[in-house]
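Working notes, structure below.
The values are calculated or read from the model by the stated rules, or taken from the named source; none is laboratory data. Remember, predicted model here, so these are calculated numbers, not experimental data. Backbone-built Cβ (ideal geometry, glycine too); neighbour counts: all protein chains shown.
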Amino acid sequence: MKFDELDLTILNNLQQDGRMSFRELGRKLNVPHTTVFTRVERLKKNGVIKKFAAMLHPHEVGGQINMIVVDTPPRESKEMAKKIAELDEAKKVFRTFDGKIIIKAVVANHPQKKGIEDFLTQLDGYPFTLYTINDIVKFDHTVSKEVLR
């Protein structure tokens, strides 16, 4: 999908503050709020904007972030990735051409709650490498204007 400057500016502003009203954004951009509404609806319809939600920092709410690389045979990776994607702890699931599945999993960081060990048992015995995240250096979910162009 092609974006013009107004689309890019609307997306950039909403990435910074998804609670900004369309009326406020229209005033800021010097366009009618109905124009902002129409543009946002088009972006939602085309799948560019998936949803509006509060973004929580996993470590601050007692979560432990883990990155896991699962080595599956390429012919089995698509089904395995779908199975993993259904797990509540799996927050992002990616699949590479050579059969690797890369998972961002957030689990409770508390001894009495289900943790990473329970999650790993659901990987059907495929070999994996686990990276438990100790320190978050940058936590950003925005997409830059350069990517959108």
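The rows are residues; the columns are (1) under 29 Å from G115 (Cβ atoms); (2) touching a residue at least 24 places away in the same chain (Cβ under 8 Å).
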site	(1), (2)
R23	no, no
N30	no, no
T35	no, yes
V48	no, yes
G63	yes, yes
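Hey, any hits in the stretch 16-23 for a residue that's part of a helix (DSSP H, G or I) and at pLDDT below 95?
If we filter the stretch 16-23 for residues that are part of a helix (DSSP H, G or I), which is where we start, we get 16, 22-23.
Add one more test, that the residue is at pLDDT below 95, and what stays is 16.
Among the residues of the stretch 16-23, at least one is part of a helix (DSSP H, G or I) and at pLDDT below 95, which makes the answer yes.
Looking only at the stretch 44-65, count how many residues are surrounded by fewer than 10 Cβ atoms within 10 Å (Cβ to Cβ) and not acidic (D, E).
8
Just to verify a result, which residue in the stretch 9-42, among those that are closer than 21 Å to R149 by Cβ and exposed (fewer than 14 other Cβ atoms within 10 Å of the Cβ), is farthest from the chain's Cα centre (by Cα)?
Filtering the stretch 9-42 for residues that are closer than 21 Å to R149 by Cβ and exposed (fewer than 14 other Cβ atoms within 10 Å of the Cβ), the one farthest from the chain's Cα centre (by Cα) comes out as R42.
Which residue is surrounded by the most Cβ atoms within 10 Å (Cβ to Cβ), if the candidates are limited to the stretch 98-149 and must be in a helix (DSSP H, G or I) and free of Cβ contacts under 8 Å to residues at least 12 places away in the same chain?
Only one residue tops the list, namely D118.
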